[in-house]
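K.L.:
My structure is below; once you've seen it, I'll send some questions.
The values are calculated or read from the model by the stated rules, or taken from the named source; none is laboratory data. Source: prediction; values computed, not measured. Reconstructed Cβ throughout: ideal geometry from the backbone, glycine too, with neighbour counts over all protein chains shown. Keep in mind that these areas ignore ligands, DNA and RNA; they rest on the heavy atoms of the full protein, side chains included. Shrake-Rupley method; radii C 1.70, N 1.55, O 1.52, S 1.80 Å.
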Amino acid sequence: MAMLDHGDRSDFRTHFVREPSALRRHPALVLNADFRPLSYYPLSLWPWQEAVKAVCLDRVTILAEYDEVVRSQRQSIRIPSVVVLKEFVKPQKRVAFTRFNLFLRDGFCCQYCGAKGDLTFDHVIPRSKGGVTSWENVVAACAPCNLKKANKSLKASGLRLRQPAREPNAEDMHRIGRRFPPGHLHESWIDFLYWDAELQA
């Protein structure tokens, strides 16, 4: 992955890695100035090179570090594992209507039977009957339920929605995303990801 252009201040702060191949070694968790991750899913992560560069440019503060050290001709620095932005990034309120975000809203499970595999999406009110492609009319569905419902209404198909389809906001997506952490959580990230989670008795 190419190094971010830190000359564009608005871009570098919200550009984080979505491809796991770029995060195999020492990714840094990126927090907003309020100490919350910029995003939970995908989790706001930078390759270590980007985190080190942001530190050198005085754009972030290091909160936690890996044991490993990188060296240049002039200095040595421990690789950051958690960094916080010095300038607050205002969260986006509108959630893009994409297949991935739809699946995330629905918890990656069929909204008719609860199955978690072989997902596609379904128009609750079929398009042939005037249904539109929108947050309020599209849900995640497994292939068998999608086939069963076909071009019928909910009542005619005998299916029932587990929850009403609605447009999520950014807070909804953050809350849901925290249930699906990446498989490579570093121990230094946990306090910053789940500090406000409800404690178990």
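K.L.:
What strands (runs of 3 or more DSSP E) completely inside the range 16-115 contain at least 3 residues that are open to solvent by less than 10 Å² (accessible area, probe 1.4 Å) and farther than 22 Å from ARG179 by Cα?
P.N.:
The qualifying strands (runs of 3 or more DSSP E) are 76-85.
K.L.:
Kindly indicate whether SER153 is out of contact with any strand residue (DSSP E or B) (no Cβ under 7 Å at 6 or more places or on another chain) and either under 28 Å from GLN49 (Cβ atoms) or polar (S, T, N, Q) (or both).
P.N.:
So SER153 passes the test.
K.L.:
I've got another one for you. For a quick check of your reading of the model, give me the residue pairs whose first member lies in the range 101-124 and is at positive phi, whose second is buried (at least 17 other Cβ atoms within 10 Å of the Cβ), with beta-carbon atoms closer than 6 Å and at least 6 apart or on different chains.
P.N.:
Here the result reads ASP118/CYS142, each pair linking the range 101-124 to a residue that is buried (at least 17 other Cβ atoms within 10 Å of the Cβ).
K.L.:
So LEU119 passes all but one of these: (1) in contact with a helix residue (DSSP H, G or I) (Cβ under 7 Å, 6 or more places away or on another chain); (2) over 25 Å from VAL95 (Cα atoms). Which condition number does it fail?
P.N.:
(2)
K.L.:
Only one of (1) among the basic types (Lys, Arg); (2) assigned by the TED database to the domain that holds ARG105; (3) within 17 Å of PHE100 (Cα to Cα) is not met by ARG166, so which one is it?
P.N.:
All conditions pass for ARG166, except number (2).
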